[in-house]
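J.: Sharing a structure here in structure tokens format.
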Amino acid sequence: MDLDGNSYPDLAAGSLSDAALIYRARPVVNIRKHVTVSPEEIDLSLGCDNSFCFTVKACFKYTANPTSYSQRLIISYSIEADGERRKQGLNSRVIFLTKSNAESDFQFNDTLELKDQNRESCVAINAGLKDNIKDKMRSILIEVSAEIIEAKGKKIKNGLPPLMPVLDAAQPSRAVAEVNFLKEGCKNKRICYSNLQMDHSLHYKQISQDAFSQLPTSAHNVPQFVLSYEKKDLALKVTVTNKNGDDAYEAKLVGKFPDALSYSGVRPITPNKQILCTANQNGSEAECELGNPFNRNSEVTFYIILSTMGITLDSTEIEIDLQLQT
């Protein structure tokens, strides 16, 4: 039976005590969410900062069965930026400039009234980018979700109050839009095909000199290093090029060193080119930032200085792992 006329079957259960219980079925609705961003591509060369960068427009409407269902619904909605990135422990690149009751600047929360079925309501909020973001390759994901917090309407059949509807669990819980970065140094503007190449050699520096000298090699072209009082500093001379390649974003060199060596410092050779290297606590690994982007036909040369404090009389060979990443 349908006691309240909402087109969903209800259940009445009687008992020997002249009392009856009525179990009413709640209406099932689907909140349709649509999100767009404008512009869809960010050209950082034109200027885009935490004052204004792009606009997010989110639209909501609901459908239900039957089509005659016409309660006014109050929904709570949330707009989030860089959700997948934050799940990886990274910071969001976006700041929502329109204020809300959210605790974080990468999230916007508010409520909205949907007055009738298929009657769309929209909101627009402004967003900016945080200063000095490094990741300019991956898209920014904007996610929109919503839930029902209240249903308003007149009493329905038999004088019963309306029930709070439930969301259709079979429908997607989120709507997603992407904001892409326009890459001027890439042929197709979205995907970059760089051509990073590396050349390296081992050098040493005597205490009394400031210049580095290349290590002699064996008959098998393997560098040879003899530790002495005057030869304590070992250095990797690295040259990285991007000949005829697209701009390389977040380009870096990752070095992993054995127990006998540890990262000690970096010394640039290329004029007007600063190299920033960061190492872990024991100096067994270091990352050197080459540029963001490392432009087409760029070239940089620098020394990675290594401490030889771990070399002992039992040390016969050392292996250094260098990788270019972008």
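A short reminder: the numbers here are calculations on the coordinates, not readings from a lab. Just so it is clear, the model here is predicted, and its values are computed rather than measured. Note that each Cβ is placed from the backbone with ideal geometry, even for glycine, and that neighbours are counted across all protein chains shown.
J.: Taking R0 as 25 Å, what's the FRET efficiency between Thr217 and Thr239 from their Cβ-Cβ distance, rounded to 0.05? Before the final figure, lay out each step's value.
T.: Numbers: r = 18 Å, r/R0 = 0.72.
The computed FRET efficiency comes out at 0.90.
J.: Within the set Lys33/Lys136; Lys61/Lys134; Lys57/Lys183; Lys187/Lys252; Lys134/Lys205; Lys33/Lys187, which residue pairs have Cα atoms separated by over 30 Å?
T.: Beyond 30 Å between Cα atoms: Lys61/Lys134; Lys134/Lys205; Lys33/Lys187.
J.: Moving on to the next point. In the chain, with Lys and Arg counted as +1 and Asp and Glu as -1 at Cβ, which of these residues, Gly83, His203, Val226, has the Cα nearest the positive end of the dipole, that is, farthest along it?
T.: It is Gly83, whose Cα lies furthest towards the positive end.
J.: Given Ser264, Leu253, Leu276, which one lies farthest toward the positive end of the charge dipole of the stretch 241-281, if we put +1 on the Cβ of every Lys and Arg and -1 on the Cβ of every Asp and Glu?
T.: Ser264
J.: Mind giving me the FRET efficiency for Ile133 and Ile191? R0 is 25 Å, r the Cβ-Cβ distance, nearest 0.05 is fine.
T.: 0.85
J.: Another question, if that's okay. For a protection proxy built on the mean count of beta-carbon atoms within 10 angstrom, sort 22-31, 257-266 highest first, please. Could the numbers behind the result be given before it?
T.: Numbers: 22-31: 16.4, 257-266: 18.6.
Packing proxy ranking, top to bottom: 257-266, 22-31.
J.: Let me ask something else about it. Explain nothing, just the number: relative contact order of the stretch 196-325, from Cα pairs under 8 Å at least 6 residues apart, as a whole percent.
T.: The value is 31 percent.
J.: Just name one of Phe60, Leu46, Ala12: the one whose Cα is farthest towards the positive end of the charge dipole of the stretch 3-70 (beta-carbon charges, Lys/Arg +1, Asp/Glu -1).
T.: Result: Ala12, furthest along the dipole toward the positive end.
J.: Skipping prolines and chain starts, which residues have an amide H placed within reach, meaning under 5 Å, of the one on Asp110, given they are 5 or more residues away or on another chain?
T.: Here the answer is Tyr77, since their amide H atoms fall under 5 Å of that of Asp110.
J.: What does the highest-first list of 76-84, 36-44 look like by mean Cβ count within 10 Å?
T.: 76-84, 36-44
J.: Report the per residue volume, in Å³, of the convex hull enclosing the C-alpha atoms of the stretch 196-325.
T.: Normalising the Cα hull of the stretch 196-325 by residue number yields 111 Å³.
J.: How much length is gained if the chain between Ser284 and Asp43 is pulled fully straight, taking 0.36 nm per residue apart and subtracting their Cα-Cα distance, in nm to one decimal?
T.: Here the segment from Ser284 to Asp43 would lengthen by 82.9 nm.
J.: I would also like to ask the following. Measuring from label point to label point, each 7 Å out along Cα→Cβ, what is the Asn180 to Asp10 span in nm?
T.: Reported label-point gap for Asn180 and Asp10 is 5.4 nm.
J.: To the nearest 0.05, how large is the calculated FRET efficiency for Ala170 and Gln323 if R₀ is 45 Å and r is the Cβ-Cβ distance?
T.: Taking R0 as 45 Å, the efficiency between Ala170 and Gln323 is 0.50.
J.: Okay, moving on. Of the listed peptides 246-253, 192-199, what is their order by residue-averaged count of other C-beta atoms within 10 Å, with the highest listed first? Kindly include the intermediate steps, with their values, before the conclusion.
T.: Values: 246-253: 22.4, 192-199: 14.9.
Highest mean packing first, the order is 246-253, 192-199.
J.: Mind sorting out which of (1) 31.6, 106; (2) 21.0, 63; (3) 20.2, 68 is the real Rg and Dmax of the Cα atoms in Å computed from the coordinates?
T.: (1)
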